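J.: One structure, pasted below without further comment.
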Amino acid sequence: MPVTLAPMDNADFVTFAERAVAEYGQGMVASGEWASEEASQKSRNVFEQLLPQGLQTENNQLWVIKDEDRRVGELWLAQRHAGTRPIVFILDLYIEPGERRQGYARQSMLAAEAWARQTGCEEVRLHVFGRNDAARRLYEQLGYGVASLTMAKPLLPA
């Protein structure tokens, strides 16, 4: 059965925000971008900049991903522009740990693409941390390619 995307309510948003802020901060620490002691506050600041009015922030779609009536994840899309072209940016795709590897992420990505087409967007973009091999494989299978790439090499003391 295909997933459905249900608009988040206030309780869903609180659950989403707590998880998304923590997870983004952890990802930035793991990628070497932030120190662990500053990650929580920096992540919260980024989140508040992107969603200053929470659920009511214009040009953002926040959904609960459902399989029938069962919550299996969350999806956050933002409508943007690349030059003059309208695009959608996937800011967060989360599948509950016990629900992973069952096709929910793929179905959610396809639903996001369909929604983007219906709203007149010409492209879907996303960011993925380099160490997230499973997500990278899925995105590549769905036809996503690298648009920008930051590489890093840790230097050991000489």
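The values are calculated or read from the model by the stated rules, or taken from the named source; none is laboratory data. These numbers come from a predicted model, not from an experiment. Here the Cβ is made from the backbone with ideal geometry for all residues, glycine too, and neighbour counts use every protein chain on show.
J.: Evaluate the following for residue 153: is it surrounded by 15 or more Cβ atoms within 10 Å (Cβ to Cβ) and more than 16 Å from the chain's Cα centre (by Cα)? Give the steps one after another, and end with the answer.
T.: On the way: surrounded by 15 or more Cβ atoms within 10 Å (Cβ to Cβ): no; more than 16 Å from the chain's Cα centre (by Cα): yes.
So residue 153 fails the test.
J.: Another question about this same structure. Yes or no: residue 72 over 27 Å from residue 149 (Cβ atoms) and of a type in the set (A, V, I, L, M, F, W, C)?
T.: Numbers: over 27 Å from residue 149 (Cβ atoms): yes; of a type in the set (A, V, I, L, M, F, W, C): yes.
Considered against the rule, which asks whether it is over 27 Å from residue 149 (Cβ atoms) and of a type in the set (A, V, I, L, M, F, W, C), residue 72 comes out as yes.
J.: Looking at residue 117, is it exposed (fewer than 15 other Cβ atoms within 10 Å of the Cβ), charged (D, E, K, R), in a helix (DSSP H, G or I) and touching a residue at least 24 places away in the same chain (Cβ under 8 Å)?
T.: Numbers: exposed (fewer than 15 other Cβ atoms within 10 Å of the Cβ): yes; charged (D, E, K, R): yes; in a helix (DSSP H, G or I): yes; touching a residue at least 24 places away in the same chain (Cβ under 8 Å): no.
Here the answer is no, as residue 117 does not meet what is asked.
J.: Looking at 89, 129, which is the one that is of a type outside the set (A, V, I, L, M), surrounded by 14 or more Cβ atoms within 10 Å (Cβ to Cβ), touching a Gly at 6+ places or on another chain (Cβ under 9 Å) and under 23 Å from residue 51 (Cα atoms)? Please lay out each step first, then the result.
T.: Numbers: 89 fails: touching a Gly at 6+ places or on another chain (Cβ under 9 Å).
The unique qualifying residue is 129.
J.: For the stretch 68-92, which residues satisfy the criterion of being part of a strand (DSSP E or B) and either in contact with a Ser or Thr (Cβ under 6 Å, 6 or more places away or on another chain) or among the acidic types (Asp, Glu) (or both)? It would help to see each step written out before you state the result.
T.: Keep residues of the stretch 68-92 that are part of a strand (DSSP E or B), which gives 70-82, 85-92.
Result: 74, 75, 92.
J.: Considering 58, 48, 37, 23, which residue is of a type in the set (D, E, K, R) and within 24 Å of residue 107 (Cα to Cα)? Please lay out each step first, then the result.
T.: Working: 58 fails: within 24 Å of residue 107 (Cα to Cα); 48 fails: within 24 Å of residue 107 (Cα to Cα); 37 fails: within 24 Å of residue 107 (Cα to Cα).
Sole residue among the options that is of a type in the set (D, E, K, R) and within 24 Å of residue 107 (Cα to Cα): 23.
J.: Restricting attention to the stretch 37-67, which residues are part of a loop (DSSP other than H, G, I, E, B) and crowded, with 17+ Cβ neighbours inside 10 Å? Walk me through it before giving the result.
T.: Of all residues in the stretch 37-67, those part of a loop (DSSP other than H, G, I, E, B) come to 51-53, 57-59.
Answer for the stretch 37-67, where residues must be part of a loop (DSSP other than H, G, I, E, B) and crowded, with 17+ Cβ neighbours inside 10 Å: just 51.
J.: Turning to a different aspect of this structure: With the condition kept exactly as written, say whether any residue in the stretch 133-147 is touching a Lys or Arg at 6+ places or on another chain (Cβ under 7 Å), more than 21 Å from residue 17 (Cβ to Cβ), small (Gly, Ala, Ser) and surrounded by fewer than 16 Cβ atoms within 10 Å (Cβ to Cβ).
T.: Scanning the stretch 133-147 turns up at least one residue that is touching a Lys or Arg at 6+ places or on another chain (Cβ under 7 Å), more than 21 Å from residue 17 (Cβ to Cβ), small (Gly, Ala, Ser) and surrounded by fewer than 16 Cβ atoms within 10 Å (Cβ to Cβ).
J.: Shifting gears a bit: Which residues, taken from the stretch 1-30, are of a type in the set (A, V, I, L, M) and either surrounded by fewer than 13 Cβ atoms within 10 Å (Cβ to Cβ) or in a helix (DSSP H, G or I) (or both)?
T.: Pass one, the stretch 1-30, residues of a type in the set (A, V, I, L, M): 1, 3, 5-6, 8, 11, 14, 17, 20-22, 28-30.
The answer is 1, 11, 14, 17, 20, 21, 22, 28, 29, 30.
J.: Is there any pair with a first residue in the stretch 20-49 that is farther than 24 Å from residue 8 by Cβ and a second that is aromatic (Phe, Trp, Tyr) whose Cβ atoms are under 6 Å apart and which are 6 or more apart or on different chains, and what are they?
T.: So the pair list comes out as 31/129.
J.: Can you tell me which residues in the stretch 124-149 are more than 23 Å from residue 95 (Cβ to Cβ) and in contact (Cβ under 8 Å) with a residue 12 or more places away in the chain?
T.: Hit for the stretch 124-149 is 147, nothing else.
J.: Are any residues in the stretch 68-95 small (Gly, Ala, Ser) and farther than 17 Å from residue 46 by Cα, and if so, which ones?
T.: Quick first cut of the stretch 68-95, residues small (Gly, Ala, Ser) only: 73, 78, 82-83.
If the condition is that a residue be small (Gly, Ala, Ser) and farther than 17 Å from residue 46 by Cα, then 73, 82, 83 are the ones that fit.
J.: Looking at 116, 105, 152, 111 in this structure, which one is touching a Gly at 6+ places or on another chain (Cβ under 9 Å), at pLDDT 90 or above and of a type outside the set (D, E, K, R)? Walk me through how you get there before you give the answer.
T.: Values: 116 fails: touching a Gly at 6+ places or on another chain (Cβ under 9 Å); 152 fails: at pLDDT 90 or above; 111 fails: touching a Gly at 6+ places or on another chain (Cβ under 9 Å).
None of the other options fit; the residue is 105.
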